Every structure is written in C-alpha cells, then in structure tokens.
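First the structure, in the form of structure tokens, and then the observations on it.
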Amino acid sequence: MATETLTPAPTRRRQRPRRDLGALRRLLIHLALIAFAMIMIYPLLWMLSASFKPIDEIFSDPSLIPSHIEWRHYVDGWTALPLPFHRYIFNSMVIVAGSIIGNLVSCSMAAYAFARLRFPLKGMLFAIMLATIMLPIHVVIIPQYILFNNFGWIDTFWPLIVPKLLATDAFFIFLMVQFIRGLPRELDEASQIDGCSYWGTFLRVIMPLCTPALATTAIFTFIWTWNDFYSQLIYIRDIDLQTVPLALRLFLDAQGQSSWGSLFAMSIVALGPIFGFFLAGQRYLIRGIATTGIK
C-alpha cells in the first residue's frame, strides 16, 4: 500500500518540467511565426497607409499612421483613367470567370481520364503533361500569338479564355489526378453496377467528392488570372477591354509625374476581390491541399 501511494508523486514532478518546456517551445514558435507574418504583411500595410497619405508624405514619412487622411486618392483614382475603374474590374471578372469555368471543366475531365480510364500511351502522355509544367510561357507565347492572330482573336478575351477550355494548366490536372487516385475504386464499381456510364460516374460520384480539389483549382485560377499582367498586355490593346493590372500600369508615367496616391488606392481596391474569394474558399483550399499532399 505504501509503495502504491508514493510512486505517482515522482512521475508528476518529472512531467511538469517537460510540460513547461513544451509550452515554452510552442510560445517561441508562435512568436517567431507572428514576427515573420508581420514582416510579410508590412508592404501591404505600408501601401494601405500610403493610399491615405498626402502625396508629399508618401515616400518622405516612413510611419504607417498618416498625419491626416486623404480620401481624394480613391476618388481621383476611380475616375482618373480613360474609363471608370469599375470597367476594368468588370473586364477582369469576365476573364476570371471564363478561366475558372474552363479549368474546372477541362482539367477535371483530363484528370479523371488519367486517374481512372485505361487507354494507349497513358503513361507517356501523363509524363508529357507533367513536363509542360516546367515550360515557361515565354517559350510558347510567340507561336500562340501567331495562331491567335490568324484566328483574328487579338484585342479580344478569347486568347485568355479559350486555352483554359483545352486543359492547358498541367498543375491543376496533376492536383486533381492525385485527389481522384485517393478515392476508393469501389465507388466506381458500385456506380457501374447501378447502371452508370463513365460520364455518370464522373458527374455523380467523382465530382461531388472532388469539391476540395475543385475549390483549390478555382482559388488559384482566380488569383493567377486576376494578377496576370504579361498575357493581358500581349493580347489586349483596346482601352475598352483592358483589365485591372493594365489599368494600374496607366498610373505610372516614365516621362511625367506618376499618380502614386491613386495607384496605391486602386491597388488596395484591386486586392479586395482576391481577399474576398480567398476567404470564402479558404476552408476548401486547406482541405484540398492537405488531402492531396498525403496521397
């Protein structure tokens, strides 16, 4: 009886330093992450502060708190360009919507074929598809421009949307392939026993289960397309069709005076849809990346 009552006491005394050390380690890790996050977010905070500062204080005053708030930059930036800024936002939304729909439809079908179907040269085609991820856009931009110019698509949205309908983003195909391979094949067999064809299995079984991967594809497509400057600069010349990245470039003048206040103000406005779309699908994004990465 005496030995039983005395044995728990030393174990408790030994566990306390370990628990304190673990809590201290977690505290230091969180402090380091917070410090790193503040370093990463500082440029965004500086740009937000600069959008409310007077022009003569934007680069002379390093403080994040303006001496007095200037709302004029947002009003001037919205109307300073040849078109109201909401027109550029609308053009970007059209391209983004077409790109998201194209990637979701085409990449999901290509991923289902690579993950579930059997056809000749499947392995070689999958390897070629993965190799295109390492191919820079600068290598293919000239042949694409010649092709789209022959189609008469320059100064239209088609060169920016149609390639998405042809499953040209190999990264999203690979993402969905990894996700679909993690789904039990018994689901396909059960649906085929119930009379579903390949299309029925794809639409009724696979796609509902691929919601995290589809949401991840939609979020990354939105961000990459919304921020794309190079492709939109190549294919779009008409001022009525220009997008948000091209509109922000108009605030800078290499020979005259640049409208820095309006530029920073409209940059903050342009970040709004990205933050909104990301926050709306953040839960699916984390789930899609996590479940795809452990396959």
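What the table shows:
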item	result
Principal axes of the chain: Cα extent on each, largest first, Å	91, 64, 33
Neighbour-count ranking [beta-carbon atoms within 10 angstrom, fewest first] of Met176, Met124, Met109	Met124, Met109, Met176
Cys210, Cys196 arranged by Cβ crowding within 10 Å, fewest neighbours leading	Cys196, Cys210
For Phe59, Phe222, Phe126, order by how many other beta-carbon atoms lie within 10 Å, fewest first	Phe59, Phe126, Phe222
Furthest towards positive pole of dipole, Ala23, Asn227, Gly123, structure part the chain, Cβ charges	Ala23
Mean shadow area of segment 130-254, taken as a quarter of the surface of its Cα convex hull (nm²)	10.5 nm²
Of Asn149, Gln192, Phe278, farthest towards positive along the dipole that unit charges on Lys, Arg, Asp, Glu beta carbons give the chain	Gln192
Per-residue ³J(HN,Hα) for segment 35-51, Karplus 6.51 cos²θ - 1.76 cosθ + 1.60, θ = phi - 60°, Hz, x for Gly and Pro	5, 5, 5, 5, 5, 6, 8, 4, x, 5, 5, 5, 5, 5, 5, 5, 5
³J(HN,Hα) computed for each position of segment 236-245 - Karplus, 6.51 cos²θ - 1.76 cosθ + 1.60, integer Hz, glycine/proline x	10, 10, 5, 5, 6, 10, 5, 10, 4, x
Principal axis box of segment 206-276, alpha-carbon based, largest edge first, Å	56, 26, 17
Long-range tail of P(r) for segment 47-138 (Cα pairs > 17 Å, %)	72 percent
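Where a number appears in this text, it was derived from the coordinates with a stated rule and is not lab data. None of the values given here were measured: they were computed from a predicted structure. Cβ sites come from the backbone with ideal geometry, for glycine too, and all protein chains shown count toward neighbours.
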